[in-house]
Amino acid sequence: MKRILVPTDFSPNADKALNFAVQLAKKTEGEIFLIHGIESEMMDKEINNAGEKMALIKKSIADNEKIIITTKLFLGKPVQSVLNAIGECNTDVVVMGTLGNTALKEKIIGSITASVIGKSPVPVLAIPLLSEWKVPNKILLAINRFDEKETRLQPVIKLARLFGASVQATIFTDTDDDFVEDYDEHEEKIAAFRDILQAQYPDVEIHAVHLAGHHFSKSLNNWVDKNNIDILVMLTHKKNILESIFDRSKTKKMSYYINIPLLAIPV
């Protein structure tokens, strides 16, 4: 996670995300690519203003944090600008702001981040407005299947190793829709999944957690709050058109309802 892309609209949300990116870059000795998307109808004065703001941010971070930072303006819609920048900057991870669980949820910045999560070829770290930077000690990895390839989980393991954090692997059983057999099966499989991960990564502390309830997001949030989880990690799986219409991505949904950083890993 050394090449860190940070989109900004100069809002408090974006500033919060940039701060997290700075902390990550300091730990990894990485580089930040700060970008701003410009709509084609913007006036020259606004473009110049955006460029000046980017230059001030760059100078402040370079001088105070001693981090290499590159800035660039992209022409086009915000989501497409981010996707273009990912390829151009050879990005390892995107760090973006989101409103999280606030009264303003699902407004513009939240929808942009959710859209990027659904389309990005690299992991996206969504930073809620109400979160504050702290060294992560506990990472919660929420999965919905047990056939994940080892390479897909590398960002989680790297993050845990980077900060010396423990990982809790969890599966959710919906007590309204799932059969009793599903609960028992999940109970056994999440423990076996933990054992497999622990054998592969003996240097990382890994636990198994089985959550059950009526609502996925509520159950997950309750566990996060009660157990002082610092980062939530979810995997995003590509869906066909019908699946996208009738089964909204849980990862994208959680980006609206969580108040801790959410790392979305595309698989």
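Here are the numbers:
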{"item": "Subset of the stretch 114-132 [surrounded by 14 or more Cβ atoms within 10 Å (Cβ to Cβ) and farther than 14 Å from residue 232 by Cβ]", "result": "114, 115, 116, 118, 119, 120, 122, 129"}
{"item": "Single unsatisfied condition, residue 82 versus (1) of a type outside the set (S, T, N, Q); (2) out of contact with any helix residue (DSSP H, G or I) (no Cβ under 6 Å at 6 or more places or on another chain); (3) at pLDDT 85 or above", "result": "(2)"}
{"item": "Restricting the stretch 163-213 to residues that are small (Gly, Ala, Ser) and outside any loop (DSSP other than H, G, I, E, B), the residue that is most open to solvent (accessible area, probe 1.4 Å)", "result": "199"}
{"item": "Filter result for the condition that a residue is in contact with a Lys or Arg (Cβ under 7 Å, 6 or more places away or on another chain) and either of a type outside the set (Phe, Trp, Tyr) or within 22 Å of residue 136 (Cα to Cα) (or both), over 233, 209, 204", "result": "204"}
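Rundown of residues vs (1) among the hydrophobic types (A, V, I, L, M, F, W, C); (2) closer than 23 Å to residue 130 by Cα; (3) modelled with pLDDT of 85 or more; (4) touching a Phe, Trp or Tyr at 6+ places or on another chain (Cβ under 7 Å), yes/no style:
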residue	(1), (2), (3), (4)
180	yes, no, no, no
187	no, no, yes, no
195	no, no, yes, no
203	no, no, yes, no
212	yes, no, yes, yes
219	no, yes, yes, yes
222	no, yes, yes, no
236	no, no, no, no
259	no, yes, yes, no
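The values are calculated or read from the model by the stated rules, or taken from the named source; none is laboratory data. Just so it is clear, the structure is predicted and the values come from calculations on it, not from any experiment. Cβ: placed from backbone, ideal geometry, glycine included. Neighbour counts: every protein chain shown. The accessibility values were calculated without ligands, DNA or RNA, using every heavy atom of the protein model including side chains. Shrake-Rupley method; radii C 1.70, N 1.55, O 1.52, S 1.80 Å.
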